[in-house]
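> Structure below; questions to follow.
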Amino acid sequence: MPEPVGDRPVLVRIGAVGVCGSDVLRFGVGKGYGFPLVLGHEMSGTVVEDSPSGAFTSGDRVAIFPCLPDAADPMTEIGEFTLGTHYDYFGSRRDGGLEEYLSVPERNLVRLPEGVSLVEGALVEPAGVALHAVRKATVPANATALVIGAGPIGLLAAQWLRVLGVVRVLVSDIDERKRRVAEHLGFDTIDPTGSTSDARVMEATGGRGVDIAVEASGLGITFLQAVHAAAHRGQVVLLGDLSTDVDLPKETVSRILRRELTLLGTWNARITPRGQSEWDMVVASIGRTVNVADLVSHVFELEQAQSVFEDLADRSVWANKTVFAVSDEAKAEADAALAASFSAKQVP
């Protein structure tokens, strides 16, 4: 059983854990702060005991915010937990959710609404990351947007853009199956094969470009394409953590200057202020205005983790969102989750 963690710790039985691309890098490349390490920062669970304040009672289903802020950090004082210098983090800097139980500070728990499964609850964290990113941009009237990358984060960003008032969202990806998922969710899609995302966008917008371009692939080349897809006074949101270096050609810098573009960096999400945070918005929107269920392509059990991570690291299987069902409750929901998911129907 885990040792108590943080202020007013609560024992949580882990329900489901989503696999992030950063988890695959930690497993396959060794990109981590230290080993051995239990992976998993996209987590849902069930409260085992009443919380110290009584805000949570045994049996409550919760999503778990993975960042453990440093109380002495100035960023913590203003609620920007993940912008601190010395924060801790489940599944990254300390053991995470791919185990049966976790001790979690009460402040890091957000109750899941009635009817939201534990499998869906594991997607609260990436949904929060995507929401935090697109909220950086100002949405003008009759706005258009581009999202490069139709993975889970990209498709969540596209949905949040629509929720926040963007009239037309274009989604670009070289993966035909991921484009199908995007189309199923109601988005116009772009196939950049044989061309580039920015060139396709210019065709689709009559040469104007888009008001908001979101880079969600994490590649240097797609970062440049996002810049070149932006209209005058457009905004470029850098959501993907680049896996390659990028050089800024003179032409690209000139475009940023002459079009007066705004480049927006984003990192993680906010759980403050209580009741009106981005995470509160996520749990209130799941199953209503935001669809996470159709993103889940696979649900596995904890005992399969080794082979699953090997396949993901080797890219030997197609996957959209992979989730581990850890608790018996989550395992009982797995079949229904896959039966209801459009992504699961794309698995060969």
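> Quick one: which residue in TRP267, TRP279 is in contact (Cβ under 8 Å) with a residue 40 or more places away in the chain and in contact with a strand residue (DSSP E or B) (Cβ under 7 Å, 6 or more places away or on another chain)?
Exactly one of TRP267, TRP279 is in contact (Cβ under 8 Å) with a residue 40 or more places away in the chain and in contact with a strand residue (DSSP E or B) (Cβ under 7 Å, 6 or more places away or on another chain), namely TRP279.
> Would you check if GLU106 is touching a Ser or Thr at 6+ places or on another chain (Cβ under 6 Å), among the charged types (D, E, K, R) and surrounded by fewer than 22 Cβ atoms within 10 Å (Cβ to Cβ)?
yes
> Determine the pairs where a residue that is closer than 19 Å to THR266 by Cα, located within the stretch 65-82, has a partner that is among the aliphatic types (A, V, I, L, M) and surrounded by 15 or more Cβ atoms within 10 Å (Cβ to Cβ) with Cβ atoms under 6 Å apart, the partner being 6 or more residues away or on another chain.
If the second residue must be among the aliphatic types (A, V, I, L, M) and surrounded by 15 or more Cβ atoms within 10 Å (Cβ to Cβ), the pairs left are PHE65/ILE271; MET75/LEU83.
> Could you name every one of the helices (runs of 4 or more DSSP H) located completely within the stretch 209-308 that has at least 3 residues being closer than 23 Å to LEU161 by Cα?
220-229, 278-285
> Sort out which residues of the stretch 138-154 are of a type outside the set (Gly, Ala, Ser) and out of contact with any Lys or Arg (no Cβ under 8 Å at 6 or more places or on another chain), and write them in order of number.
Passing the criteria: THR138, VAL139, PRO140, ASN142, LEU146, VAL147, ILE148, ILE153.
> Give, as residue ranges, the strands (runs of 3 or more DSSP E) completely inside the stretch 1-109 that count at least 2 residues that are more than 17 Å from GLU329 (Cβ to Cβ) and either at pLDDT below 95 or not aliphatic (A, V, I, L, M) (or both).
101-105
> Are there any helices (runs of 4 or more DSSP H) wholly within the stretch 124-190 with 2 or more residues that are over 18 Å from the mean Cα position of the chain (by Cα), and if so which?
176-184
> Okay, moving on. Report every pair of residues separated by at least 6 positions or lying on different chains whose Cβ atoms are under 6 Å apart, first residue within the stretch 176-204 and under 17 Å from ALA216 (Cα atoms) and in contact (Cβ under 8 Å) with a residue 24 or more places away in the chain, second outside any helix (DSSP H, G or I) and acidic (Asp, Glu).
Final answer for the pair search is ARG179/ASP173.
> Would you call LEU37 touching a Lys or Arg at 6+ places or on another chain (Cβ under 9 Å), more than 22 Å from VAL119 (Cβ to Cβ) and without any contact (Cβ under 8 Å) to a residue 40 or more places away in the chain?
no
> If you scan the stretch 270-319, which residues turn out to be touching a Gly at 6+ places or on another chain (Cβ under 7 Å) and not aromatic (Phe, Trp, Tyr)?
Listed by number, the residues that qualify are ARG270, THR272, PRO273, GLU278, VAL282, GLY287, ALA313.
The values are calculated or read from the model by the stated rules, or taken from the named source; none is laboratory data. Since we're looking at a predicted model, the values are computed, not measured. In this analysis, Cβ positions are derived from the backbone assuming ideal geometry, glycine residues included, and neighbour counts consider all displayed protein chains.
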